[in-house]
Amino acid sequence: MKRKPKLAVWKFASCDGCQLSLLACEDELLAVAGQIDIAYFPEASRATVKGKYDLSLVEGSITTPHDVERIQGIRRVSKHLVTIGACATAGGIQALRNFKDVGEFTRIVYARPEYISTLDKSAPISEHVKVDFELHGCPINKHQLLEVISAFMSARKPNIPSHSVCVECKLKGTVCVMAAHGAPCLGPVTRAGCGAICPKFLRGCYGCFGPMETPNTESLSTQWKVLGATDAEIQRTYRGFNACAEAFKKEGLRYDDKETD
Amino acid sequence: MPDILESKNLQQLIEVLSADGYRVVAPTVRDNAIIYDEIATVADLPKGWTDKQDGGNYRLEKRKDDAFFGYNVGPHSWKKFLHPPVTRLFRAKLEGNGFQVVPEVEETPDFAFFGVRSCELHAIAIHDRVLIDEQFVDPVYQARREKIFTVAVNCGQAGGTCFCVSMNTGPKASFGYDIVLTEVLDGERHYFTVETGSEKGAEVMSKIPLRKAEAEESETAEKIVAETVLQMGRYLDTTGIRDLLIRNYDHPRWDEVASRCLTCANCTMVCPTCFCSTVEDVTDLKGHAAERWRKWDSCFTLDFSYIHGGNVRSSAKSRYRQWMTHKLSAWIDQFETSGCVGCGRCITWCPTGIDITEEVRAIRETEVSD
């Protein structure tokens, strides 16, 4: 019988939510376990199998010198490395530190800041090692995760769109909250994948899946202002889970000199 | 002379269609918009509602009367029923060294479209041309299309982004219906003039309480539609438009519109004539079963124009230009008609309010002649 591929799940600076998406697969998790040898997944089991691993799923961002060494090691023992979630693909919410002085934070927060060994930036995995595929989202969508694993098993391209959330709204027949309610929505500049949940509940998109393939954030901000958003509100909107994803970072920085607080 | 259906008897038309086995789909209010969905009674219609539309802006408002059809087209179009947004084409099972295809057996629903506007009849006719009359027939569309019963409604008012008069597609329905209604609210009186367009339509009409119209009633209905012609919120000069856009392939306006275009694809999704789709193959974890799915796609996505080696329309400029020139110019070469029916959806539902009529005007007015 053919050897089952070995899967490893690794964690860096993150909330664990994306790994939980794998456990949340429930029924499908049994199917995954039937086809894949879950060799390293501390969140699920203390039993571990040594590498090499055929597929490594990496959650979290790189925030310490130790992380930098560890991800290099993981890359060496992984045939395929897929990053999952906003932390691993864009630095996560903790990348807000990238806009500030981390030394100052540690001096305020910790009694003995000299014990803290940290980098001044929270970085996506791809800034340190080669990544074979990035699955976006905060958290990732479990159906998309299963699609990526299935595609990997069949050595085919995963069906993971990089177009806007708007397409998902329209496929579902959801009424546009921006045109019909005047709600500021990041959907037009945000990558699809969540199933357009927020507009279904009459809320604007928060951009959890990061920038879509060709985001025109500047034009969207112009329209947000028409709808009454202030510069500070626009900046805060882009300073979310994907604050350091390139297009969102750039749009947020445009308001830096306009900051009032 | 048309027949008259009193507004209090409109429910009977729905009941007759339901009794004939149709699923009646009609305008109905949901999430602050008028969308198309299955209805059970006249109470599900947007009675007393109207819509205010402008670039990137749609608002529902209460009317001062009880009109059933006192609004224009919303974010949905009938294409969602005829050309479904997501549909499975077939399944496949692993068998030995090959695979066996399991064809999709779909119970095609019998829809009665209730409240179709003239511009929408034109849009359906365009889809017929593209998806049935060409060399390759789309069986999903065809199976659904053949069974439709169409109740059209002549527009009693035009919306802020309407320009059917420019496109010669309305506001009066001239073909493609089984029954057409014109709603009249005249003081205390509320009735519909009814005309048939097919034998199917005549049969349905024979089952509902009608009487012959008085000359004055018929004239009132005609006048309402004639006034709608004068209310168009937008105007598009189509003179020589095919050549205008071809000549202006490098016009600076394309850069200007690209700076506002979000490439979000909303315009193509709401367009009643955009028909492009993509096909995705999915496999299960074991690799024993596969499925092929078709989904609406858009010329605004990068994947749409991705070919071996890269994307042939990587800039927003090239994608907007592709969409607009196909719709208004190349479509004429391809299908001998414009791809635009003047419904205004692309204007209303563009998050930044890009206006196709304004873009044409800008190019026309600033064209640099040789």
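Quick notes
- Under a model in which nothing but the beta-carbon of Lys, Arg (+1) and Asp, Glu (-1) is charged, the range A:160-255 shows a dipole of about 180 debye around its Cα centre.
- Entry for the range B:241-365 at q = 0.14 Å⁻¹: log10 I(q)/I(0) = -0.65, Debye formula applied to identical alpha-carbon scatterers, no solvent contribution.
- Antiparallel bridge percentage (DSSP; both residues within chain A; nearest 5): 20
- Neighbour-limited loop hits for GluC sites (Glu not before Pro), the range B:200-233 (at most 11 other Cβ within 10 Å; DSSP other than H, G, I, E, B): B:Glu214
- Paramagnetic reach from B:Phe335 in the range B:83-117 [backbone N under 11 Å; point 7 Å along Cα→Cβ]: none
- Within the range B:51-137: Cβ-based charge dipole about Cα centre, in debye rounded to nearest 20 (Lys, Arg +1; Asp, Glu -1): 380
- Residues of the range B:212-247 with amide N under 15 Å of a point placed 7 Å along Cα→Cβ from B:Asp186: B:212-227
- Distance (nanometres) between label positions extended 7 Å along Cα→Cβ at B:Thr239 and A:Tyr110: 7.5
- The mean number of Cβ atoms from other chains found within 10 Å of a Cβ in peptide B:80-91 is 1, as a whole number.
- Estimated inter-spin distance, A:Val226 and B:Lys223, nm [label 7 Å along Cα→Cβ]: 3.8
- Charged side chains reduced to their Cβ positions (Lys and Arg at +1, Asp and Glu at -1) give the range B:241-365 a dipole of some 100 debye around its Cα centre.
- Each part gets one Cα centre, and for the range A:146-200 versus the range B:41-113 those centres are 19 Å apart.
- Rounded to the nearest whole Hz, the Karplus-based 3J(HN,Hα) values (6.51 cos²θ - 1.76 cosθ + 1.60, θ = phi - 60°) of the range B:35-44 follow the sequence 10, 10, 7, 5, 10, 9, 9, 4, 4, 7, with x at glycine and proline.
- A probe of 1.4 angstrom, applied to the heavy atoms of all protein chains, finds A:Leu135 with accessible area near 0 square angstrom.
- Solvent-accessible area of A:Thr174 with every protein chain in place, 1.4 Å probe, in Å² to the nearest 10: 10
- Long pairs among A:Lys6/A:Lys79; B:Lys52/B:Lys172; A:Lys52/A:Lys121; A:Lys50/A:Lys79; A:Lys6/A:Lys50, criterion Cα-Cα beyond 18 Å: B:Lys52/B:Lys172; A:Lys52/A:Lys121
- Where trypsin sites (Lys or Arg not before Pro) fall in DSSP loop in the range A:1-92, at most 13 other Cβ within 10 Å: A:Lys2, A:Arg3, A:Arg46, A:Lys50, A:Lys52
- Per-residue HN-Hα couplings for the range B:53-60 [Karplus 6.51, -1.76, 1.60; θ = phi - 60°; Hz; x = Gly/Pro]: 10, 8, x, x, 8, 9, 9, 7
- Descending Cα extents along the principal axes, chain A, whole Å: 63, 54, 26
- B:Arg361 - accessible surface, heavy atoms, 1.4 Å probe, Å² rounded to 10: 80
- Each helix, a run of at least 4 DSSP H residues, gives -39500 (n - 2.57); summed and divided by the residues of the protein assembly as shown, these come to -9000 deg cm²/dmol at 222 nm.
- The spread of Cα positions in the range B:105-148, taken along each principal axis and listed from longest to shortest, comes to 30, 25, 9 Å.
- Share antiparallel - DSSP beta bridges, chain B, percent rounded to 5: 85
- Candidates B:Val102, A:Gly195, A:Gly210 compared by Cα position along the dipole of the protein assembly as shown: farthest toward the positive end lies A:Gly210, with charges placed on Cβ.
- Extension gain, A:Thr64 back to A:His80 (0.36 nm per residue minus Cα-Cα distance, nm): 3.4 nm
- For chain B, the relative contact order is 22 percent, taking Cα pairs closer than 8 Å that sit 6 or more residues apart in sequence and dividing their mean separation by the residue count.
- Rounded, prolate or oblate (a/c below 1.5 giving rounded, otherwise prolate when a/b exceeds b/c) for the range A:128-261 by Cα gyration tensor: oblate
- Rounded if a/c under 1.5, otherwise prolate or oblate - the range A:6-153, Cα gyration tensor axes: prolate
- Alpha carbon centroid spacing (whole Å) that separates the range A:73-104 from the range A:216-261: 22
- Site pair A:Phe201 and B:Val137 shows an inter-label distance of 4.7 nm when each label is modelled 7 Å from Cα along Cα→Cβ.
- Packing order of peptides A:97-107, A:206-216, B:90-100, highest average first: A:206-216, A:97-107, B:90-100 (average count of other Cβ atoms within 10 Å over each peptide's residues).
- Summary value for the range A:83-150: 50 percent relative contact order, contacts being C-alpha pairs under 8 angstrom separated by 6+ residues.
- Take B:352-358, B:7-13, B:205-211 and order them by the average number of nearby Cβ atoms within 10 Å per residue, most first; the result is B:352-358, B:7-13, B:205-211.
- Summary value for the range B:241-365: 33 percent relative contact order, contacts being C-alpha pairs under 8 angstrom separated by 6+ residues.
- For the protein assembly as shown, the antiparallel share of DSSP beta bridges with both residues in that region comes to about 65%.
- Among residues other than A:Pro161 with Cβ under 11 Å from its Cβ, the summed charge is -4 (Lys and Arg +1, Asp and Glu -1).
The values are calculated or read from the model by the stated rules, or taken from the named source; none is laboratory data. In this text, all values refer to a predicted model and were calculated from it rather than measured experimentally. Neighbour counts are summed over all protein chains in view; Cβ atoms, including those assigned to glycine, are modelled from backbone coordinates with ideal geometry. Areas reflect the complete protein model, heavy atoms only, side chains present, ligands, DNA and RNA absent. Shrake-Rupley method; radii C 1.70, N 1.55, O 1.52, S 1.80 Å.
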